[in-house]
Amino acid sequence: MKRFIKILVSGLITTSMLIGSVSSVFAGQVVKVSIGSTSASINDYNTTLSIAPYIQQPSESMMIPLRFVSTGLGIDESDIQYNPNTKEITITYNGTTAKFIVGTDKLILNGEEFSMLIENQYPVYTEIKNGTTFIPLRSLELAFNNIKIDWVNETKTAILTNQTEDNTTDNLQVEQPITQEPIVEKTNNSLTENPQAVEEQNTVKTFEDYTDEEVIAMEEEVVKLVNEERAKYGLQPLEISEDLMELSKLKSKDMYDNNYFSHISPKYGKTLDITEKNINYSIFGENIASMGMSSQGVVNGWLNSEGHRENILNPNYKYIGVGVYGSKWTQIFIG
């Protein structure tokens, strides 16, 4: 392991180093983030981050949003866990378990602890800024051998590629608000309830057993619960948009009818392409979930997930839509 420690220490490069141009050989997910810019992309779909990547001193290391980049590279939301008591973020992927500890320079790989250092002396710390966890640029590449990084020095842009050839957009989980060509996530945003619990619930009452009025009441209850949570932080309540309510329902029905669970529809593509209505926005966000028919349950699930919670508590959103169909939930925000 001594050789790996050396690689770990020297691999967390400073951002002034030119790495090279982006490779197009592999068919995996590609995430682009730039220092000081909230503009980012996943597979050339443009998104807007809530906080821009930045340089941490004194190491001069580029810090990237953990959840946005990880889910954008195809790591499932359920494989990223945060323990608020120990402040540990654990990613399980491709046979490796990587653990970051907020406020420390520790990186634990399959139970073995390392220090993230630059030139063997400058520590790089995992940090949380405004609810977003940031990690060193090179840490994901070091932890998972199928993730590679290229660097464009002119624009200070990091290009992360998942080089697993069979990694498709069906796994795309994005948490963050989207601009221009919306695909969101943060994000991200896939919650699957305990299958046994869902089965037990469905033996009592399935989606088909509910009246249209009951379903509408559940959707409006989600809006109410979201606004109650926002009020705790002094945020303005979100207004219901009938267009977004309709679009959310169409998205959930599309997931149910076409048997998929992703922000990208195999039939329509992006969520906004499901409707012919022109929905104007400056910022767009989407949460999805596959759960039972419980308003409180789905909101609790989203609130217990960092990326989904960021969407719910984003002060830039003004309008909301919620739709459920066949236990598939969609929640859309715009500002």
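The values are calculated or read from the model by the stated rules, or taken from the named source; none is laboratory data. Because the structure is predicted, anything quoted here is derived from the model rather than measured. Every residue, glycine as well, gets a Cβ built from its backbone with ideal geometry; the counts of neighbours run over all protein chains shown. Heads up: the accessible areas ignore ligands, DNA and RNA and are worked out on the full protein's heavy atoms, side chains in. Shrake-Rupley method; radii C 1.70, N 1.55, O 1.52, S 1.80 Å.
Some values worked out for this structure:
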{"item": "FRET efficiency estimate (nearest 0.05) - Cβ-Cβ, ASN259 to ASP209, R0 25 angstrom", "result": "0.75"}
{"item": "Protection proxy ranking of 59-66, 107-114, 318-325 - average other beta-carbon atoms within 10 Å, highest first", "result": "59-66, 318-325, 107-114"}
{"item": "Among the listed pairs LYS156/LYS267; LYS106/LYS232; LYS277/LYS328, those beyond 28 Å (Cα-Cα)", "result": "LYS156/LYS267; LYS106/LYS232"}
{"item": "Computed accessible area, LYS129, all protein chains, 1.4 angstrom probe, square angstrom", "result": "80"}
{"item": "Per-bin percent of Cα-Cα distances, segment 269-317 [5 Å]", "result": "4, 17, 23, 19, 19, 16, 3"}
{"item": "Cα gyration tensor category, rounded, prolate or oblate, for segment 248-335 with a/c compared to 1.5", "result": "oblate"}
{"item": "Shape call, segment 93-136: gyration tensor on alpha carbons, a/c limit 1.5", "result": "oblate"}
{"item": "Separation in nanometres of the label points that stand 7 Å from Cα toward Cβ, at LYS224 and LYS87", "result": "3.8"}
